[in-house]
1. Run down 64, 101 and say which single residue is of a type in the set (Val, Ile, Thr), part of a strand (DSSP E or B), in contact with a strand residue (DSSP E or B) (Cβ under 8 Å, 6 or more places away or on another chain) and under 17 Å from residue 41 (Cα atoms).
2. Kindly establish whether residue 17 is in contact with a Leu (Cβ under 9 Å, 6 or more places away or on another chain), assigned to a helix (DSSP H, G or I) and either at pLDDT below 95 or closer than 25 Å to residue 92 by Cβ (or both).
3. Exactly one of (1) in contact with a strand residue (DSSP E or B) (Cβ under 7 Å, 6 or more places away or on another chain); (2) closer than 25 Å to residue 149 by Cβ; (3) surrounded by 14 or more Cβ atoms within 10 Å (Cβ to Cβ) is unmet by residue 3. Its number?
4. Tell me, which residue of the stretch 18-44 that is of a type outside the set (S, T, N, Q) and without any contact (Cβ under 8 Å) to a residue 12 or more places away in the chain is surrounded by the fewest Cβ atoms within 10 Å (Cβ to Cβ)?
5. Within the stretch 82-97, is there a residue that is of a type in the set (Lys, Arg) and not in a loop (DSSP other than H, G, I, E, B)?
6. How many of the residues making up the stretch 20-42 are under 19 Å from residue 62 (Cβ atoms) and not in a helix (DSSP H, G or I)?
7. So which pairs qualify, if the first residue must be in the stretch 148-171 and assigned to a helix (DSSP H, G or I) and surrounded by 19 or more Cβ atoms within 10 Å (Cβ to Cβ), the second must be aromatic (Phe, Trp, Tyr) and at pLDDT below 95, the Cβ gap must be under 8 Å, and the two must be at least 6 apart or on different chains?
8. Out of the residues in the stretch 83-124 that are of a type outside the set (A, V, I, L, M), surrounded by 17 or more Cβ atoms within 10 Å (Cβ to Cβ) and touching a helix residue (DSSP H, G or I) at 6+ places or on another chain (Cβ under 7 Å), state the one that is farthest from residue 138 (Cα to Cα).
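The values are calculated or read from the model by the stated rules, or taken from the named source; none is laboratory data. In this text, all values refer to a predicted model and were calculated from it rather than measured experimentally. Reconstructed Cβ throughout: ideal geometry from the backbone, glycine too, with neighbour counts over all protein chains shown.
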Amino acid sequence: MITIRTEQSSDIRAVRAINEAAFGQPTEANIVDAIRAACPDALSLVAVSEDQLIGHILFSPVSIQSEKGAVTGMGLAPMAVMPAHQRQGVGSRLVEAGLEILRNSACPFVIVLGHPAYYPRFGFTPASEHHFECQWKGVPDNAFMALMFDSDRMEGVTGVARYRDEFDEAT
């Protein structure tokens, strides 16, 4: 049985290990550590099976500067599952749990830079359909996606979606 819960301080080392194992490098783990230290508004969830952490997902604030002013939503990144537990629905459970929490909050949108065959199952569509652009050049249109929770609040909001600086600084 898999349980999804909010990350606790005692999970920090295991979360780092999950991200390093899933991505085969420390970059994503560095991003998670930096955002955890600097951003109290982040949403960090873990997947637990038999008292072992097997997955992690992070949502952190993203802003879109528009003629209407800045609007803040959340960016999904990174999401990681231990290699031995991949392709067993753990990632989907993490995404669904996080989106449910954000849907029930004041979050107007979530963006993700991810696999175009994976995230549409959760309702994500190309961000360009909402007139959002990725801050990083060269990102394929179908890999930069958005999910709207509050279409009234997002009416007329267009522009570049900016992730937290930690995403640029963690390399």
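1. From the options 64, 101, the qualifying one is 64.
2. Values: in contact with a Leu (Cβ under 9 Å, 6 or more places away or on another chain): yes; assigned to a helix (DSSP H, G or I): yes; either at pLDDT below 95 or closer than 25 Å to residue 92 by Cβ (or both): yes.
Yes; evaluated as a whole, the condition is true for this residue.
3. (3)
4. Within the stretch 18-44, the subset of a type outside the set (S, T, N, Q) is 18, 20-24, 26, 28-29, 31-43.
Still in the list and also without any contact (Cβ under 8 Å) to a residue 12 or more places away in the chain: 20, 24, 26, 37, 40.
Details: 20: 16, 24: 9, 26: 14, 37: 9, 40: 6.
By that ranking, first place goes to 40.
5. Yes, the stretch 82-97 contains at least one residue that is of a type in the set (Lys, Arg) and not in a loop (DSSP other than H, G, I, E, B).
6. Residues that pass the stated criteria total 4.
7. Filtered contacts from the stretch 148-171: no entries.
8. Here is the first cut: in the stretch 83-124, the ones of a type outside the set (A, V, I, L, M) are 83, 85-89, 91-93, 96, 98, 100, 103-105, 107-109, 114-116, 118-124.
Applying the additional criterion that residues be surrounded by 17 or more Cβ atoms within 10 Å (Cβ to Cβ) yields 85, 91, 93, 98, 107-109, 114, 119, 124.
Remaining after also requiring touching a helix residue (DSSP H, G or I) at 6+ places or on another chain (Cβ under 7 Å): 108-109, 114.
Working: 108: 26, 109: 23, 114: 14 Å.
Per the criteria, the residue is 108.
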